[in-house]
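Student: Dropping the structure in here first, questions after.
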Amino acid sequence: MGSTQAAVSFLTNVARAAFGLGVGATILNSSLYTVDGGQRAVLFDRFRGVIDDTIGEGTHFLIPWLQKPFIFDIRTRPHTFASISGTKDLQMVNLTLRVLARPEVSRLPDIFKTLGLEYDEKVLPSIGNEVMKAVVAQFNADQLLTDRPHVSALVRESLIRRAKDFNILLDDVAITHLSYSPEFSRAVEQKQVAQQEAERSKFVVAKAEQERRAAIIRAQGESESAKLISDATASAGMGLIELRRIEASREVAATLAKSPNVAYLPGGNNLLLGLNAGR
């Protein structure tokens, strides 16, 4: 009987010790939290509210139930969003903007108070659309291509300045895509075709002008030649014409002599008289 009571007392003590160890481990576990690399923590106290100090990497203590940590990722993260904006000449363009953003570490308590953990999703799309619409409205549609570096610089400067108001730092801002409406694209294509046709018409006109000048020069040359021949005929009689006729006949005879398919026949009316000599 005494051994049974001793065993029960031992088991009771073991259970109490295990229970105490479990409670202690639970309290210790709830009193610790870990901030990983690339993260920072903001501590909320039920009595004091959000504590102004930012907690760095490592394992830290807190008072269970009374305090609660909120973990922020402070590494640079990409964000992409699109916007449809109107240009100065009332054309609609589609723009896609990519930004690399991170929070300002020293201002994390203020970010948590005003925006919460999803600060970037709440702020960046709205200010990005606002800045792109304001910048694009300063340019004509064609200037967005010809002055794209200037447009990108204005967007970058304006967006960095605007994000600074929300304690967000932007490491990079870039316009990754730009496209026009289908109507404007067709108008640009038609304009290019019209310019090509205009250049072709200029070429045709210039060619016709050159041919006209060549024809005038050729006619003037023939007129001068005819005048010289007329003057020579008037002074020397028909001898010059006969000389030219003899020269032309000589050229024709030389050409025919070189051809193997040419037969020479005597002239006159007695060409066929010798065919009936045997009758």
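The values are calculated or read from the model by the stated rules, or taken from the named source; none is laboratory data. Just so it is clear, the model here is predicted, and its values are computed rather than measured. Note: ideal-geometry Cβ built from the backbone for every residue, glycine included; neighbour counts use all protein chains shown. Please note that ligands, DNA and RNA were not included when accessible areas were found on the heavy atoms of the full protein model with its side chains. Shrake-Rupley method; radii C 1.70, N 1.55, O 1.52, S 1.80 Å.
Student: Residue 7 passes all but one of (1) over 30 Å from residue 145 (Cα atoms); (2) modelled with pLDDT of 85 or more; which number fails?
Tutor: Every listed condition holds for residue 7 apart from (2).
Student: Does residue 231 meet the test of being open to solvent by 40 Å² or more (accessible area, probe 1.4 Å) and in the same structural domain as residue 96 (by the TED database)? Full working, then the answer.
Tutor: Numbers: open to solvent by 40 Å² or more (accessible area, probe 1.4 Å): yes; in the same structural domain as residue 96 (by the TED database): no.
No: the conditions fail for residue 231.
Student: Restricting attention to region 54-68, which residues are hydrophobic (A, V, I, L, M, F, W, C), within 10 Å of residue 30 (Cβ to Cβ) and either open to solvent by 30 Å² or more (accessible area, probe 1.4 Å) or in contact with a Cys (Cβ under 9 Å, 6 or more places away or on another chain) (or both)?
Tutor: Step one: list which residues in region 54-68 are hydrophobic (A, V, I, L, M, F, W, C), which gives 55, 61-63, 65-66.
Imposing the further condition that a residue be within 10 Å of residue 30 (Cβ to Cβ) reduces the set to 62-63, 65.
Once the filter is applied, which keeps residues that are hydrophobic (A, V, I, L, M, F, W, C), within 10 Å of residue 30 (Cβ to Cβ) and either open to solvent by 30 Å² or more (accessible area, probe 1.4 Å) or in contact with a Cys (Cβ under 9 Å, 6 or more places away or on another chain) (or both), region 54-68 yields 63, 65.
Student: I would also like to ask the following. Does region 114-125 contain any residue that is assigned by the TED database to the domain that holds residue 154, open to solvent by less than 30 Å² (accessible area, probe 1.4 Å), farther than 15 Å from residue 40 by Cβ and under 20 Å from the mean Cα position of the chain (by Cα)?
Tutor: no
Student: Would you mind finding the one in 95, 170, 154, 117 that is assigned to a helix (DSSP H, G or I) and either in contact (Cβ under 8 Å) with a residue 40 or more places away in the chain or farther than 28 Å from residue 51 by Cα (or both)? Outline the logic, then answer.
Tutor: On the way: 95 fails: assigned to a helix (DSSP H, G or I); 170 fails: assigned to a helix (DSSP H, G or I); 117 fails: assigned to a helix (DSSP H, G or I).
Result of the check over 95, 170, 154, 117: 154.
Student: Which one is nearest to residue 76 (Cα to Cα), of the residues in region 100-113 that are open to solvent by 10 Å² or more (accessible area, probe 1.4 Å) and part of a helix (DSSP H, G or I)? Spell out how you get there, then give the answer.
Tutor: Residues of region 100-113 that are open to solvent by 10 Å² or more (accessible area, probe 1.4 Å), as a first pass: 100, 102, 104-107, 110, 112-113.
Then drop every residue that is not part of a helix (DSSP H, G or I), which leaves 105-107, 110, 112-113.
Numbers: 105: 12, 106: 15, 107: 16, 110: 19, 112: 18, 113: 21 Å.
Checking each candidate, the answer is 105.
Student: Step by step: first the residues of region 21-35, then only those that are of a type in the set (Gly, Ala, Ser) and at pLDDT 70 or above, then the one that is surrounded by the fewest Cβ atoms within 10 Å (Cβ to Cβ). Which residue is that? Walk me through it before giving the result.
Tutor: First, the residues of region 21-35 that are of a type in the set (Gly, Ala, Ser): 22, 24-25, 30-31.
Filter once more, so that each one left must be at pLDDT 70 or above: 22, 30-31.
Details: 22: 10, 30: 12, 31: 13.
In this case the residue turns out to be 22.
Student: Let me confirm something: among 244, 212, 162, which residue is farther than 30 Å from residue 75 by Cα, out of contact with any strand residue (DSSP E or B) (no Cβ under 6 Å at 6 or more places or on another chain) and at pLDDT 80 or above?
Tutor: Working: 244 fails: at pLDDT 80 or above; 162 fails: farther than 30 Å from residue 75 by Cα.
Of the residues listed, the single one that is farther than 30 Å from residue 75 by Cα, out of contact with any strand residue (DSSP E or B) (no Cβ under 6 Å at 6 or more places or on another chain) and at pLDDT 80 or above is 212.
Student: Inspect all residues belonging to region 183-200 and state whether any of them is within 16 Å of residue 87 (Cα to Cα), under 28 Å from the mean Cα position of the chain (by Cα), touching a residue at least 40 places away in the same chain (Cβ under 8 Å) and not in a helix (DSSP H, G or I).
Tutor: No, there is no match, as no residue in region 183-200 is within 16 Å of residue 87 (Cα to Cα), under 28 Å from the mean Cα position of the chain (by Cα), touching a residue at least 40 places away in the same chain (Cβ under 8 Å) and not in a helix (DSSP H, G or I).
Student: Next question. Hey, among the residues in region 69-99 that are open to solvent by 90 Å² or more (accessible area, probe 1.4 Å) and among the charged types (D, E, K, R), which one's modelled with the lowest pLDDT?
Tutor: 88
Student: Against the conditions (1) closer than 30 Å to residue 132 by Cα; (2) without any contact (Cβ under 8 Å) to a residue 60 or more places away in the chain; (3) assigned to a strand (DSSP E or B), where does residue 70 fall short? Just the number, please.
Tutor: (1) is the only condition that residue 70 fails.
Student: Please pick out the residue among 99, 155 that is under 18 Å from the mean Cα position of the chain (by Cα) and over 30 Å from residue 187 (Cα atoms). Write out each step before concluding.
Tutor: Details: 155 fails: over 30 Å from residue 187 (Cα atoms).
Of 99, 155, the one residue that is under 18 Å from the mean Cα position of the chain (by Cα) and over 30 Å from residue 187 (Cα atoms) is 99.
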